[in-house]
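The values are calculated or read from the model by the stated rules, or taken from the named source; none is laboratory data. Nothing here was measured: the structure is a model prediction, and the numbers come from that model. Every residue, glycine among them, receives a Cβ derived from its backbone with ideal geometry; neighbour counts consider all protein chains shown.
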Amino acid sequence: MTDATNATGASSTTGPTGARSGLDAASVEALRRDYRAAFLRYLPRRDEAALDRGYRLGRDAVARGLSMLELAQVHHDILVEVLQDSAADEHPATAASASEFFLEVLATYDMTQRVLRAGDSGGGASGGRGGDVS
């Protein structure tokens, strides 16, 4: 088995679109572990500190070159695990919490996309506010 395949033979660094993220299998597994821990910390309290951890996970994912689709797959996999281990009457609250957490994780992707759009419509890197998205 190589870094490119897991036990089922599927590529562990290839996302749902087949695009390579540039992350090795150990990095993807570390992201899954960290995402799971942060999400499980968020669920019972839904507090700002846990949301901040989600934001930092998203920022780190962008910096490492993980695609939004790959991050969505990690989120989905963790959510499915949590739902399988919870009572059915908890599913609506868990789904709402998952949505809030995932939006925070995706905040950096959104900011990056806005900067790119502003650069495209503002005459390139020298136009506009120089990447300030606030």
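Only residues that are more than 16 Å from LEU40 (Cα to Cα), hydrophobic (A, V, I, L, M, F, W, C) and under 11 Å from the mean Cα position of the chain (by Cα): list them for region 61-107, please. Break it down into steps so the answer makes sense when it comes.
So in region 61-107, the residues more than 16 Å from LEU40 (Cα to Cα) come out as 61-73, 88-89, 106-107.
Imposing the further condition that a residue be hydrophobic (A, V, I, L, M, F, W, C) reduces the set to 61-63, 66, 68-69, 71-72, 88, 106-107.
Passing the criteria: ALA61, VAL62, LEU66, MET68, LEU69, LEU71, ALA72, LEU106, ALA107.
For region 1-46, filtering for residues that are modelled with pLDDT of 55 or more and either among the small types (Gly, Ala, Ser) or not in a helix (DSSP H, G or I) (or both) leaves 10.
Between ALA63, ALA88, the distinction of being farther than 28 Å from ALA25 by Cβ and either without any contact (Cβ under 8 Å) to a residue 40 or more places away in the chain or surrounded by 13 or more Cβ atoms within 10 Å (Cβ to Cβ) (or both) belongs to ALA88 only. For region 47-70, which positions are closer than 15 Å to GLU100 by Cα and either in contact with a Ser or Thr (Cβ under 6 Å, 6 or more places away or on another chain) or part of a helix (DSSP H, G or I) (or both)? Answer for region 47-70, where residues must be closer than 15 Å to GLU100 by Cα and either in contact with a Ser or Thr (Cβ under 6 Å, 6 or more places away or on another chain) or part of a helix (DSSP H, G or I) (or both): GLU48, ALA49, ALA50, LEU51, ASP52, ARG53, GLY54, TYR55, ARG56, LEU57, GLY58.
Scanning region 81-121 for residues that are within 20 Å of GLY54 (Cα to Cα) and polar (S, T, N, Q) gives THR94, SER97, SER99, THR108, THR112, GLN113.
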